[in-house]
1. Only one of these is under 22 Å from residue 159 (Cα atoms) and surrounded by fewer than 16 Cβ atoms within 10 Å (Cβ to Cβ): 82, 76. Name it.
2. Residue 265: touching a residue at least 12 places away in the same chain (Cβ under 8 Å), part of a helix (DSSP H, G or I), over 20 Å from residue 307 (Cβ atoms) and open to solvent by less than 10 Å² (accessible area, probe 1.4 Å), yes or no?
3. Being assigned to a loop (DSSP other than H, G, I, E, B) and either touching a helix residue (DSSP H, G or I) at 6+ places or on another chain (Cβ under 6 Å) or more than 26 Å from residue 194 (Cα to Cα) (or both) is the filter here; which residues of the range 99-110 pass it?
4. Which of the residues belonging to the range 101-121 are more than 20 Å from residue 201 (Cβ to Cβ) and surrounded by fewer than 22 Cβ atoms within 10 Å (Cβ to Cβ)?
5. Would you confirm, using the coordinates I've provided, whether residue 270 is open to solvent by less than 40 Å² (accessible area, probe 1.4 Å) and of a type outside the set (Asp, Glu)?
6. From 73, 69, grab the single residue that is free of Cβ contacts under 8 Å to residues at least 60 places away in the same chain, part of a loop (DSSP other than H, G, I, E, B) and touching a Gly at 6+ places or on another chain (Cβ under 7 Å).
7. Contact list please: Cβ distance under 6 Å, first residue in the range 278-296 and of a type in the set (Ser, Thr, Tyr), second residue part of a helix (DSSP H, G or I) and at pLDDT 90 or above, pairs at least six apart or on different chains.
8. Would you point out the residue of the range 304-353, among those that are basic (Lys, Arg) and open to solvent by 30 Å² or more (accessible area, probe 1.4 Å), that is farthest from residue 238 (Cα to Cα)?
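The values are calculated or read from the model by the stated rules, or taken from the named source; none is laboratory data. All figures in this text were calculated on a predicted structure; none of them were measured in a lab. A quick note on method: Cβ atoms are made from the backbone with ideal geometry, for glycine too, and the neighbour counts reach across all protein chains shown. These area figures cover heavy atoms from the full protein model, side chains too; ligands, DNA and RNA do not enter into them. Shrake-Rupley method; radii C 1.70, N 1.55, O 1.52, S 1.80 Å.
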Amino acid sequence: MSPQDRPLRRGWTTGTCATAAAKAAYAALLTGEFPDPVEVTLPRGERVSFALAVTRRDADSATVGVVKDAGDDPDVTHGALVLATVRAAPSGSGVTFRAGAGVGTVTRPGLPVPPGEPAINPVPRRMICDAIAEVAAGARGSGDVEVEIGVADGERLAAKTLNARLGIVGGLSILGTTGIVVPYSCAAWIHSIQRGIDVARAAGLDHVAGSTGSNSETAVQKFHHLPEIALIDMGDFVGGMLKYLRRHPIARVTIAGGVGKMTKLAQGLLDLHSKRGSVDLSSLADFAKAAGASEALVQRIISSNTAAEAFGHAAAANLMLGDQVARAARETAADVVANSGIDVEIVLFDRDGRLVGHAPFGSHHESAPPRNRRR
């Protein structure tokens, strides 16, 4: 089998790595021996083992480090050293958590753990508590411990994530729901979208803007003078964002993007990645025709190589193609959040941040040409 044909290799979440490190550290604290490899149980019952990269013990604590392997997923934390230091705690205190170096602290409401707590999500916390209980039962320990989780160089790595926008300061989050990283599932990105919405709701915002990239995000922030907390980096996942908003509504939602991705949304696509679908120039020509394009312009659009070229032809003919595309895109988005009380706006920007298409709030009853919708 060639490298291109082999199955993509799965990896392990920071939560699983933290659990393995904490379990081995507590075992060493109780017995003086570090179990290497250490075996942990994932939320769905699988048992997996991890080699120990760091072991350190002193009179009242033990520290273990496990290197995170994200498999074939392009995870920012792949190769990071996840550290757990376990200390005995007062009788009856149970398991308490501290943020070590490189793990963030929550400062805003709306996240799965409250402000002031280490950014260790609920599932990893349960996994660690279960692992501590397993060790305590086998070594006659009390299970009353303080668990400090850190990530080497975590503060620098966190700068590549959306943690600062979410109000997580000082480092990374310890994440995971299944314990497994599925390659290219983009679970971390979806998680960030959902937490961004949660934080905006908790702050009482009534308007957020989801953007496909940094250019459209900068442009829409200037367009509406929005605070950073209102900005959702949705990337290609407009459908994922809208479906979460349908269950967790915010009154007004702006969707911002370039001409290519917004044309895909106008066609009915809810995943805007190039692998999920491409711009249909025939559909774009239909939008142009609905906007009053001449037959010659329609043919130039059909013959274009890209959406940007097609929009250039329309601009040269003083045709407001962007507004027509925005109206159709708004119909797609409004269908997803129907009956939720959410009003949707679409804004299209060119590569220089200039507004080239707009379907304002409250305009979803305006006509747009029919399109084949794909979910």
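1. Values: 82 fails: surrounded by fewer than 16 Cβ atoms within 10 Å (Cβ to Cβ).
On inspection, the qualifying residue turns out to be 76.
2. no
3. Here is the first cut: in the range 99-110, the ones assigned to a loop (DSSP other than H, G, I, E, B) are 100-101, 104, 107-110.
The answer is 104, 108, 109, 110.
4. Filtering the range 101-121 for residues more than 20 Å from residue 201 (Cβ to Cβ) gives 101-105, 118, 120.
Within the range 101-121, 101, 105 meet the criteria.
5. Numbers: open to solvent by less than 40 Å² (accessible area, probe 1.4 Å): yes; of a type outside the set (Asp, Glu): yes.
Judged against the criteria, residue 270 is a match.
6. Numbers: 73 fails: free of Cβ contacts under 8 Å to residues at least 60 places away in the same chain.
Going through 73, 69 in turn, just one is free of Cβ contacts under 8 Å to residues at least 60 places away in the same chain, part of a loop (DSSP other than H, G, I, E, B) and touching a Gly at 6+ places or on another chain (Cβ under 7 Å): 69.
7. Partner pairs satisfying both residue conditions: 283/267.
8. Of all residues in the range 304-353, those basic (Lys, Arg) come to 327, 330, 351.
Then keep just the ones that are open to solvent by 30 Å² or more (accessible area, probe 1.4 Å); that gives 327, 351.
Details: 327: 16, 351: 20 Å.
That would be 351.
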